[in-house]
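Novice: Below is the structure I would like to discuss, written out as structure tokens.
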Amino acid sequence: MMMKVLRYVLGMSLFFYTGICYAANPDELKTDTTLTKAGFFNVRDYGALGNGTTNDGPAIQRAIDSAAAKGGGVVIFPSGRYCLAASLIPKSNITMKGNGLGAVIMATTSFGSAIGQPKANLSNFMVSDLTFEGGVIDEGVFPRRARNYTPSFSSAIAMTGDRKPGGSFPRIQNIIVKNCNILKTRQLPVIFHGVSNGVMVTGCYFENCLDPGFTWCESVQFIGNNTKKGADNGVSVSRQCEKVVIANNIFDDVAYWGIWCSGFVDTPSNTAEPGPDTFSITGNVIRRSGFGGIALLNGPRFGTVSGNTIDTVFNGPTDARNKSQGRGIVVSSFSANGAVIQEARDIVISNNLLRDVARGGISLTGASDILITGNSFINIGATDTTVTKTDFNSGVYTYTTGVPGEEIKRIGIVGNSFVDTRAIPLSNYAYPPAVRISKDSYQKNNTMIGYRQPLAEKLVVGGNGDPDQSVTINAKSGTLRELLFQTAGLRRWDIRVNNVAEAGAQAGSDFLIIRRNDDGTVAGNPITITRSDGAMKLAEPTGKLGFFGQTPIVKYNAIPNTTGATLSALEEELNKLKALVRAYGLMTP
């Protein structure tokens, strides 16, 4: 459990503070049996030179083994460049501690990882304040995937524990990597498979590497790190990890996703694993990523994504542009052979900022019970698309090969802000019809400015068991109050109270129904009801009228005057009036 990790950290801290009475800086530590008894093991005492050319690996391993033989301790690395030719073997109850950028682990030959697989069960192992420098050549415009290399180790730390299925591995538990600089590794800078109880990476700086990675781990904490110019994701937590915390990190210029909290599907090897259960992704800053901000792919469940900033997502890295990429947050199910095995579900996405995201804000497929609330979507969409396109340039959207909206349900979109501030807006829908009509989904109290399609938020007032309800349109005297009915964004009918100011005696604020042409312009005002006397008028001269289901007809033109008319003329006029009343539906034949 993480409590064991914390107890171990406190214990190591006591070691560090106790050591101050011997030396204020690891560089000052000399060969001294008193220091060894106190739990400090200086690699220089075991033959390491730190000159950048001599193979210091055997000397460092002797220091580690000596500390392990005494039940554990702190292996000290004074300033220097410590060259390795093979992986160091970690031991339990050991802290490997340097002094930051001054103590560098490097190599000039190619091999797997600087700190590699333990040969026995491993617990309470920490790496602190060391710099690991690989062989990647820093070049090109970022974010980018491609790299060139010189010989070195591929990873800084790589180990596999018994929680990983399909093999015979030692039990590994309670691992901490703290305040390290890991630079230019060809593969994942740290990779932990199947660690029990807890693995924590905190306060570290990663530059020009692939992604720090975790799979099948019981508990993962990735907190307060900085990943820059990554050739893959900013961090990857995958394949059935549990109890995941990814908090307060900064990810700049990574080629793919800032945060990958997802499962994994490998088609060539026919292997697949669903995403993590129980996760919290909070307070991270993701800037200028290639594929997207946060990936919740392949059925992760039971998590929160809150308070993150996703600022600028491109249509892929500079060396792999693709308009299908460029999403802020994506949520999807875990599927195999065309069938959904595990939905992404029970996830709250709240109070995040998504700005200048090239394709779309939040993408949903195979997801249920997702609450999207309090988020700000600013300038979604980077290139022009058809105004009616739903899965590009939209805030919250879904895309599927089946019936639109059928793969998502119970999606709540509440209290979000959708804004396009550009002179020529590119954002299409805040959330398109497929999201609005998906099963048992709801939208409420969202706001939208500058989008090319109307918000189209459903309005539901009250419920079956509620008392009386009302909808109020309030404005000052002399102003228009309207309900508007549209088709494809064009007005078809208005129900309004006009803008004639109330002048006493119940005058003003008359009620009107307005009809409109195909282009949205006013066609006429068929009905007006005056507030002063309740008079109802068929206000259009060309209007038609009918009662009791009769086909409406136009106003009848009677003879000008019947005074002095002959009896036959009066009879003819009376018959015409009777026919007219019958035509209106007010008289039976």
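Novice: Those residues that are open to solvent by 50 Å² or more (accessible area, probe 1.4 Å) and in contact with a strand residue (DSSP E or B) (Cβ under 7 Å, 6 or more places away or on another chain), I need them from the range 125-146; list them, please.
Specialist: Passing the criteria: I137, E139.
Novice: Restricting attention to the range 147-168, report how many residues are part of a loop (DSSP other than H, G, I, E, B) and surrounded by fewer than 19 Cβ atoms within 10 Å (Cβ to Cβ).
Specialist: 8
Novice: Also: Only one of (1) surrounded by fewer than 15 Cβ atoms within 10 Å (Cβ to Cβ); (2) at pLDDT 95 or above; (3) of a type in the set (D, E, K, R) is not met by K458, so which one is it?
Specialist: (2)
Novice: If K243 meets every condition in (1) within 22 Å of E343 (Cβ to Cβ); (2) of a type in the set (K, R); (3) open to solvent by less than 40 Å² (accessible area, probe 1.4 Å) apart from one, which number is that one?
Specialist: All conditions pass for K243, except number (3).
Novice: Test each condition in (1) among the small types (G, A, S); (2) open to solvent by 10 Å² or more (accessible area, probe 1.4 Å); (3) under 40 Å from the mean Cα position of the chain (by Cα) for A103 and report the one that comes out false.
Specialist: So A103 meets the others, but not (2).
Novice: Where in the range 293-366 are the strands (runs of 3 or more DSSP E), entirely inside, with at least 1 residues that are open to solvent by 40 Å² or more (accessible area, probe 1.4 Å)?
Specialist: So the answer is 301-306, 309-313, 334-336, 339-342, 344-350, 353-357.
Novice: May I pose another question? Can you tell me which residue among G258, G275 is part of a loop (DSSP other than H, G, I, E, B) and either open to solvent by less than 30 Å² (accessible area, probe 1.4 Å) or of a type in the set (A, V, I, L, M, F, W, C) (or both)?
Specialist: Answer to the check: G275.
Novice: Please verify whether F222 is crowded, with 24+ Cβ neighbours inside 10 Å, in a strand (DSSP E or B) and in contact with a Pro (Cβ under 6 Å, 6 or more places away or on another chain), treating the condition exactly as stated.
Specialist: no
Novice: Restricting the search to the range 61-94, which residues are of a type in the set (A, V, I, L, M, F, W, C) and in contact (Cβ under 8 Å) with a residue 40 or more places away in the chain?
Specialist: Across the range 61-94, the qualifying residues are V74, I76, F77, L84.
Novice: Quick check on the range 474-496: of everything there that is touching a strand residue (DSSP E or B) at 6+ places or on another chain (Cβ under 9 Å) and either of a type in the set (G, A, S) or in contact (Cβ under 8 Å) with a residue 24 or more places away in the chain (or both), which residue is surrounded by the most Cβ atoms within 10 Å (Cβ to Cβ)?
Specialist: Selected residue: R491.
Novice: Continuing with the same structure: Kindly evaluate N208 against the criterion of being under 20 Å from A103 (Cα atoms), open to solvent by 10 Å² or more (accessible area, probe 1.4 Å) and at pLDDT 95 or above.
Specialist: Here the answer is no, as N208 does not meet what is asked.
Novice: Here's a follow-up. Out of all the residues in the range 106-117, which are open to solvent by 10 Å² or more (accessible area, probe 1.4 Å) and under 16 Å from I64 (Cα atoms)?
Specialist: Q117
Novice: Would you mind telling me which numbered condition in (1) at positive phi; (2) of a type in the set (D, E); (3) open to solvent by less than 50 Å² (accessible area, probe 1.4 Å) D391 fails?
Specialist: D391 satisfies every listed condition except (1).
Novice: Right, another one. Are any residues in the range 367-377 part of a strand (DSSP E or B), out of contact with any Asp or Glu (no Cβ under 6 Å at 6 or more places or on another chain) and over 17 Å from T390 (Cα atoms), and if so, which ones?
Specialist: A367, I370, L371, I372, T373, S376
Novice: Output the residues belonging to the range 51-62 that are open to solvent by less than 30 Å² (accessible area, probe 1.4 Å) and over 20 Å from I89 (Cβ atoms).
Specialist: Residue satisfying the conditions is G52 alone.
Novice: How many of the residues making up the range 504-524 are surrounded by 11 or more Cβ atoms within 10 Å (Cβ to Cβ) and within 17 Å of G534 (Cβ to Cβ)?
Specialist: Of the residues in that region, 8 qualify.
Novice: Same structure, new question: Given the criteria closer than 30 Å to Q342 by Cα, in contact with a Lys or Arg (Cβ under 7 Å, 6 or more places away or on another chain) and either surrounded by 23 or more Cβ atoms within 10 Å (Cβ to Cβ) or not polar (S, T, N, Q) (or both), does G198 qualify?
Specialist: Spelling it out, it is not the case that G198 is closer than 30 Å to Q342 by Cα, in contact with a Lys or Arg (Cβ under 7 Å, 6 or more places away or on another chain) and either surrounded by 23 or more Cβ atoms within 10 Å (Cβ to Cβ) or not polar (S, T, N, Q) (or both).
Novice: Consider M96 carefully, then state whether it is open to solvent by less than 10 Å² (accessible area, probe 1.4 Å), more than 16 Å from G52 (Cβ to Cβ), among the aliphatic types (A, V, I, L, M) and within 33 Å of the chain's Cα centre (by Cα).
Specialist: No: the conditions fail for M96.
Novice: Kindly indicate whether N233 is at pLDDT 95 or above, assigned to a loop (DSSP other than H, G, I, E, B) and crowded, with 24+ Cβ neighbours inside 10 Å.
Specialist: yes
Novice: Also, I was wondering about something else. Test of understanding: among I94, I115, I64, which residue is over 19 Å from V201 (Cα atoms) and among the aliphatic types (A, V, I, L, M)?
Specialist: I64
Novice: Is it the case that the range 272-279 has a residue that's at pLDDT 95 or above and at negative phi?
Specialist: Taking every residue of the range 272-279 in turn, at least one turns out to be at pLDDT 95 or above and at negative phi.
The values are calculated or read from the model by the stated rules, or taken from the named source; none is laboratory data. The structure displayed is predicted, hence computed values, not measured ones. Reconstructed Cβ throughout: ideal geometry from the backbone, glycine too, with neighbour counts over all protein chains shown. In case anyone asks, the SASA skips ligands and DNA or RNA and just uses the protein heavy atoms, side chains included. Shrake-Rupley method; radii C 1.70, N 1.55, O 1.52, S 1.80 Å.
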